[in-house]
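As structure tokens, the structure follows; a few thoughts come after it.
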Amino acid sequence: MWDANDDATNFQRNFSIGEVEIEDGVIYHKTEYRERRNHFAYFACSRKTEGFDTQREAFVGPYRGWEKPLAVERGKLSNSVAHGWAPIGAHHVELQLGPDETQEVIFLLGYHENPQEQKFDPPASQTVNKKTVKPVIAKYLNFADVDAAFEKLRQYWDGLLAVCQVETPDVHTNRMVNIWNAYQCMATFNMSRSASFYESGIGRGLGFRDSNQDLLGFVQMVPARARERILDLAATQLPSGGAYHQYQPLTKRGNNDVGSNFNDDPHWLIVGVAAYLKETGDWSILDEPVPYDNAPGSEQPLYEHLQRSFQYTLDRLGPHGLPLIGRADWNDCLNLNCFSDTPGQSFQTTTNKDGKVAESVFIAALFVLAGRELAEIALRRGRTDEAQRDLAEVARMEDTVREQGWDGEWFLRAYDDFGRKVGSKECAEGKIFIETQGFCVLAGIGLDDGRAHAAMESVAKHLATEHGIILQQPAYSRYYLELGEISSYPPGYKENAGIFCHNNPWVMIAETQVGNGDRAYDYYARINPSAREPISELHRCEPYVYAQMIAGRDAPTHGEAKNSWLTGTAAWNYYAVTQWILGIRPTFEGLEIRPVVPKGWRGFKATRLFRGVTYNIAVTREGEGNQVALKVDGEPWESTVVPAPVEGQREVAVEVTLK
Ligand code: GLC
Ligand code: GLC
């Protein structure tokens, strides 16, 4: 009725509290208005109505569902007034339509609040005071006002989408980048992974790692909201540098039920802040005082929070010198300290081992990436000592990954609680994982010693399918107590060898790092929802929105997508295609342009609004490589980072030649 959790559970109460009013053909939903609420909903129509229903069963009919409502079959509503049970709103409009004729009808669904002391009219009654809502209803039952409101909405979106528009040889790339992928990034920014068809209720709130990653695809659209989000997230960080895994956006408090100890979490804050700084150049955010665990008096500049994030891992190194994994890293289902044999236990929060042995190569890679960003940030703040220290730790971790995290042909995934390898050719199942191949290379590990190249070849050989890159192979065929939830899924689904679309872009970016534009783009195209439209019968998800997962090759439904909309896939694909394949990349220094696109592309065009300036970019291919030569406003420019324009200049023309 007004309470997402209670509505889905507390039927013994809720089936008795529903109340409505119907006045002048408008339906008012006023459940709980009599006591502590001063808000209500309304449903109105621009035509004279022939009838209404407000009780679900009256409309749908006994033992029927929405696919076959009795009222529609009868062609008549029954003017039902809801007393308890399940209030709905339905209007009956009679229309005569000639051939080719169109008519317009407005249906208006709204929410309204009254001042506390003017809730009722007459004041001594229990009737909703409609004096303040009636003008609103009258306005939006007027066609000109509705058109104007839609026009405003359209302009708002045109403005948001205009930040980055591309014209490539591929219609699916254009469609996703210019409209749908950006739109999905707004949805994930707003909703994270909560309150959806796939994650019903509101219990989960916003994930610390999820929301930081979502910024990668969102920050260019509304930087001010990204800034606010970063400060909210940072305020849930714990004094240890760790973080609540989730927080509630309304209270802005961490979720106690889930708690902390996901040892990758703190680094995503560095990644999110770096993305914000690169996009905006707003260094003032680092000076914002932010509390720990929302405790008044504990405020420190955001910059100090980032230092604690970094230190968190250094305080938690395992036997091989790699980061301890804690409850899990990015892969929520690799629960190496869980050892759960009890039905119903949460894999994410059950911890039966003290966590002093199991280590994550993934966190090591994330540490390297975040550490490099942090050093850059420190340098620009004049904190040279800190920058040097961070880089020394990063170098040490890189060595550790090379020595302890390499399996010969690919990067290992982890060490379990017995100190045994996970993601190694020595394993019977789960020999190779995508996460460390993508993320180690993305972080720059192995670029100079052949490991990056070898890891990419191994991905192509063992993990790539026509429907995307599988998370790990071979799939776990049974439950492994020491590995946790990953082995609870049937082979081919979710983290157990599904195509987890979230981390496919890590490999795309890694492929651009090793200079393989054909393969980067090929991987991008395999999971592009628009490109998959011709196989919709198999794909079975919206052809304009990314899904979290496509069933892997071990699943009977290989190629079928699931859990669309709220997934980190949105931000990472947007980031991979715009910043690494098309190569239009905000950096601390300015806008860099360094495409790594297929050899067969003759070029592409793009406009990018960056720090208030519009860059009109035209890329032309002359050779088959990735060498970039820039001309800025007609003048040759030796670097790939476009120089800041002169004060007041609003447009810059950049010609890019690829050789
Ligand atoms: C879900 C979670 C995300 C996690 C991923 C892999 O998408 O929201 O936090 O990283 O699964 O387990
Ligand atoms: C399950 C899902 C995983 C998600 C986690 C947290 O483990 O498999 O994708 O991240 O729940 O909700």
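Here is how the numbers come out for the structure above:
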| item | result |
| --- | --- |
| Fraction of antiparallel bridges per DSSP, the chain only, in percent to nearest 5 | 90 |
| Amide hydrogen neighbours beyond the local backbone of Thr465, cut-off 5 Å, H modeled | Ile470 |
| Cα long-axis angle, helix 451-462 against the chain (0 to 90 degrees, to the nearest 10) | 50 |
| Separation of the Trp2 and Asp449 label points, Cα + 7 Å toward Cβ, nm | 6.2 |
| Dipole-positive endmost among Pro595, Gly648, Ser477 within the chain (Cβ charges, Cα centre) | Ser477 |
| Contact order relative to length of the range 1-139, as percent, for alpha carbon pairs under 8 angstrom and 6 or more apart | 26 |
| Three-way shape call for the range 290-365 based on the alpha-carbon gyration tensor, with the a/c threshold at 1.5 | oblate |
| Computed [θ] at 222 nm, helices only, for the chain once each DSSP H run of length n ≥ 4 contributes -39500 (n - 2.57) | -9500 deg cm²/dmol |
| Three-way shape call for the range 584-658 based on the alpha-carbon gyration tensor, with the a/c threshold at 1.5 | prolate |
| Net charge, Arg227 excluded, C-beta distance under 12 Å - Lys, Arg +1, Asp, Glu -1 | -3 |
| Whole-number percent relative contact order across the range 584-658, with pairs defined as alpha carbons under 8 Å at least 6 apart | 34 |
| Folded to 0 to 90 degrees: helix 223-234 orientation relative to the chain principal axis, Cα | 80 |
| Cleavage-rule hits, chymotrypsin sites (Phe, Trp or Tyr not before Pro), the range 390-448, DSSP coil, Cβ neighbours within 10 Å at most 15 | Phe418 |
| Long-range amide H partners of Thr127 with built H, under 5 Å | Asp121 |
| Spin-label zone in the range 251-290 - amide nitrogen under 18 Å from a point set 7 Å from the Cα of Arg381 along the C-beta vector | 266-290 |
| At most 11 other Cβ within 10 Å, DSSP loop - GluC sites (Glu not before Pro), the range 102-209 | Glu104 |
| Euclidean distance of C-alpha centroids, the range 585-659 and the range 354-408, integer Å | 31 |
| Efficiency of FRET between Ala295 and Leu250 - r from beta-carbon atoms, R0 25 angstrom, step 0.05 | 0.85 |
| In order through the range 189-206: 3J(HN,Hα) via Karplus (6.51 cos²θ - 1.76 cosθ + 1.60), integer Hz, x for Gly, Pro | 4, 6, 10, 6, 10, 9, 6, 9, 4, 8, 9, 7, x, 10, x, 7, x, 9 |
| Calculated P(r) of the chain - Cα pairs past 42 Å, % | 33 |
| Charge-dipole axis of the chain as Lys and Arg at +1 and Asp and Glu at -1 on Cβ define it, positive-most pick from Leu447, Cys185, Thr313 | Cys185 |
| Karplus-derived HN-Hα couplings along the range 463-478 (A = 6.51, B = -1.76, C = 1.60, θ = phi - 60°), whole Hz, x at Gly and Pro | 10, 6, 10, 5, 9, x, 9, 6, 5, 7, 9, x, 4, 6, 8, 9 |
| Dipole of the range 4-141, positive end: most advanced residue of Val93, Ala138, Ile17 [Cβ charges, Cα centre] | Ile17 |
| Folded to 0 to 90 degrees: helix 265-280 orientation relative to the chain principal axis, Cα | 80 |
| Carbon + sulfur, % of accessible area of the chain - ligands and nucleic acids excluded, 1.4 Å | 51 |
| Dipole in debye (nearest 20) - the range 482-626, about Cα centre, beta carbon charges: Lys, Arg +1; Asp, Glu -1 | 520 |
| FRET efficiency for Ala395 and Glu228, using Cβ-Cβ distance with R0 set to 45 Å, rounded to 0.05 | 0.80 |
| Restricting the range 465-527 to trypsin sites (Lys or Arg not before Pro) in coil, as DSSP defines it, with at most 15 other Cβ within 10 Å | Arg478 |
| Overall form of the range 389-440 per C-alpha gyration tensor (a/c, 1.5; a/b vs b/c) | prolate |
| Charged-residue dipole, Cβ positions (Lys, Arg, Asp, Glu), the chain about Cα centre, Debye nearest 20 | 540 |
| Entries of Lys278/Lys562; Lys48/Lys134; Lys139/Lys252; Lys425/Lys562 with Cα pairs more than 28 Å apart | Lys278/Lys562; Lys139/Lys252; Lys425/Lys562 |
| Built amide H within the under 5 Å cut-off of Phe433, gap 5+ | none |
| Cut-off 13 Å between beta-carbons: net charge of the residues surrounding Ile432, Lys and Arg +1, Asp and Glu -1 | -1 |
| Charged-residue dipole, Cβ positions (Lys, Arg, Asp, Glu), the range 57-178 about Cα centre, Debye nearest 20 | 560 |
| In sequence order, calculated HN-Hα J values of the range 302-309 (Karplus, 6.51, -1.76, 1.60; Hz; x Gly/Pro) | 3, 3, 5, 4, 5, 4, 5, 4 |
| Pair Glu73, Ala460: separation of 7 Å Cα→Cβ label points (nm) | 6.0 |
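The values are calculated or read from the model by the stated rules, or taken from the named source; none is laboratory data. Please read these numbers as outputs of a predicted model, since none were measured by experiment. Because the Cβ atoms are built from the backbone with ideal geometry, glycine has one as well, and the counts that use them run over all protein chains shown. SASA here: full protein model, heavy atoms, side chains in, ligands and nucleic acids out. Shrake-Rupley method; radii C 1.70, N 1.55, O 1.52, S 1.80 Å.
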